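Computed from the coordinates by the stated procedures, all read-outs in this text should not be read as laboratory data. All values derive from a computational prediction rather than experimental measurement. Neighbour counts run over all protein chains shown; Cβ positions are idealised from the backbone, glycine included.
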Amino acid sequence: MGLSMSMPCAGIMTSGWWDRDATGTATPLVVRQQGSPAFHVQALHLMAATCKSKPPRARSRPSSAAGPPTDAQGASLSSQLLESRAAMAIVEGWYPPTRENWETTVLTFQILYPALFISWYGMGKTSVRSAFNLPGRVAWVLMEMPGFTTVLYMMKTLPRMHGIDDLPWQNRVLAGLFVIHYIYRAVVFPLIQPSMSPIHVLVALMAAGFQVLNGVGIGAWLAAYGPVTAEAWAARSSVAQFCVGIAIFYVGLAANFFHDEELREIRRAEKRRRQRVLDRQGGAGGAASVEKHYQIPQAGLFKHVLYAHYLCEWVEWFGFLVAAGWGCVPAWTFLVNEVFAMLPRAVKGKKWYVEKFGEDKIRKRWAVLPGVV
């Protein structure tokens, strides 16, 4: 029945036991691979398919003593495997990334974006007029969508490329939380905003780059390069810690939406007021608009900080980090970069509020972190 074999295949040595049935079809029983672990499951299937596709050849010895595929067949199988991997990649080796390129991407994200964001660029109420400004809604969707679409792409492609049949439930839950946040942020948010300020094309490009790098970092960690077994998760984060992190995330998400809604209601109320004025005047002016209308928000944490929605988003991603475990470098990187991206806008925004409404109206409100800034 069994015949031990060893087959060189484009630098990969595979050894194991093959069996042949009554028709001479070769079937792998046990396979042990020495070399790239990313190939072994796909190579196994390809070898079996190749053997089954060829009818048995006449031999002078019994079929049960037949040998393994030839070196030429092995080279062909390796070529097919490489083509299969390339077919799944949008940018070979980078999207989705190899482990080495993933580490390079995360390191780049750690260093590059804090340096860029320290320039304290303007957006929203602190944006400036420019010929290169894009419509706010369109720019927002285009610059926010790459994050969750990248995570979904990593979760779809990387496990298959690395022979991972089933990811732990923790990986799927964290990926789901990421997607939930960004479906709200990238799709729902711009659709329900009463109005949105223009966004400079460079700001949009920088934000889109942020989303791609972050999506690759977190997505590849969840899909292949982080804990991918129950044992690995047990060593990283207990179920209790994971659940606490998820609870923190949802508190932040709900609070984020609440404070976003407070800002939207300011403009909705002003739009209703203007519409009533137009209606009393006979409606000659058409529908009212509120492209640029600001008030000091009063509800919830806005009583203490001017950018409560920023603070709540940081709470979200802190919860994500707690659930992923303190050793999750991509989650740490994302949280730190969120602070670097949003803190300058909050500080600049507080200055804008003081100039527009006066120090006495702002009173003792902080920009974003009570007691800090």
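Table for the structure above
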item: Extension gain from Val277 to Arg137, taking 0.36 nm per residue of separation minus the Cα-Cα distance; result: 47.7 nm
item: In order through the stretch 300-312: 3J(HN,Hα) via Karplus (6.51 cos²θ - 1.76 cosθ + 1.60), integer Hz, x for Gly, Pro; result: x, 6, 5, 5, 10, 9, 7, 10, 5, 5, 5, 4, 5
item: Other-chain or far-sequence residues with amide H under 5 Å of Leu134's (modelled H); result: Ile199, His200, Val201
item: Spin-label zone in the stretch 307-339 - amide nitrogen under 17 Å from a point set 7 Å from the Cα of Val188 along the C-beta vector; result: 309-310, 312-314, 316-317
item: Shape category assigned to the stretch 159-225 from the gyration tensor of Cα positions, a/c cut at 1.5; result: oblate
item: Calculated from backbone phi, Karplus (6.51, -1.76, 1.60) coupling profile of the stretch 93-100 in Hz, x at Gly/Pro; result: x, 10, 9, x, x, 5, 4, 4
item: Whole-number percent relative contact order across the stretch 291-364, with pairs defined as alpha carbons under 8 Å at least 6 apart; result: 28
item: Distance in nm between pseudo-label sites at Ile111 and Glu231 (7 Å out along the Cβ direction from Cα); result: 3.5
item: Prolate/oblate/rounded call for the stretch 226-278, Cα gyration tensor, a/c under 1.5 rounded; result: prolate
item: Under the Karplus curve 6.51 cos²θ - 1.76 cosθ + 1.60, θ = phi - 60°, whole-Hz ³J(HN,Hα) for the stretch 345-352, x wherever Gly or Pro sits; result: 5, 5, 5, 5, x, 4, 4, 5
item: Sequence-distant residues sharing a close amide H with Tyr95 (under 5 Å, placed H); result: Ile90
item: Fully extended contour minus Cα-Cα distance, from Ala247 to Glu359, at 0.36 nm per residue; result: 36.6 nm
item: Cα gyration tensor, the stretch 188-327 - rounded (a/c under 1.5), prolate or oblate; result: prolate
